[in-house]
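> The structure is given below, and queries will be raised subsequently.
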Amino acid sequence: MKKILLSSMLIVSCLAFGQKIKLKDDKVYVDDKECLSYKSKVSVRNSFFTLDGKPVFYIDVIIVDSKLGVDGSYEKVSFADSEEISTTRNEYSRKAIILQLIEMGVIENCKFNPDRIKDYVKRYNQNFEKSIVRHSY
């Protein structure tokens with residue numbers, strides 16, 4: 001019974017403090033506040049900008065042939081004015097990645113904090129690009 005109660009309290013606290021992310025009409029809303037703008041090409045190439053149009057980060061979905069050593073596809077998150085890149089298995093949505101950036105402090109109160117990029121990459125990077133076997137045809 002204690003485990004059920006503890007689990008319930010944990011879930012409720014996460015929901016209470018979680019942030020609601022919405023992508024609509026080329027805008028990103030965090031808790032119904034306009035926070036970023038974005039441009040998307042078939043949800044495969046996504047560019048995110050501050051509200052005044054400055055590039056902030058990019059999310060690209062890379063589709064890989066299983067013959068190259070990786071099964072399926074992965075997401076590449078790169079940052080404007082930074083060499084840092086994070087690649088992860090394609091299991092996150094754009095909303096989930098934005099939420100991760102908020103949780104890691106890269107986006108804080110709708111402001112971009114480049115000092116937190118390394119922490120984000122250290123936490124989420126799975127180095128999928130390095131695991132692809134390169135073939136010359």
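The values are calculated or read from the model by the stated rules, or taken from the named source; none is laboratory data. Every value quoted in this text rests on a predicted model; they were computed, and no experiment measured them. Heads up, the Cβs are rebuilt from the backbone with ideal geometry, glycines too, and the neighbour counts pull from every protein chain shown. SASA here: full protein model, heavy atoms, side chains in, ligands and nucleic acids out. Shrake-Rupley method; radii C 1.70, N 1.55, O 1.52, S 1.80 Å.
> Sorting Lys76, Lys33 by accessible area (1.4 Å probe), largest first, what list results?
Lys33, Lys76
> Can I ask one more? For the range 77-128, what are the per-bin percents of Cα-Cα distances with bins 5 Å wide, up to the bin holding the maximum?
4, 21, 33, 27, 12, 2, 0
> Moving to a separate point now. Can you check what the net charge comes to around Tyr120, using other residues whose Cβ is under 10 Å from the Cβ of Tyr120 (Lys, Arg +1; Asp, Glu -1)?
+1
> While we're here: Using just the alpha carbons, could you tell me how many Å³ per residue the convex hull of the range 13-123 encloses?
Per residue, the Cα convex hull of the range 13-123 comes to 117 Å³.
> Continuing with this model, one more query. Less than 12 Å Cβ to Cβ from Ser78, Lys/Arg counted +1 and Asp/Glu -1: what total charge do the surrounding residues give?
Summing Lys/Arg as +1 and Asp/Glu as -1 gives -4.
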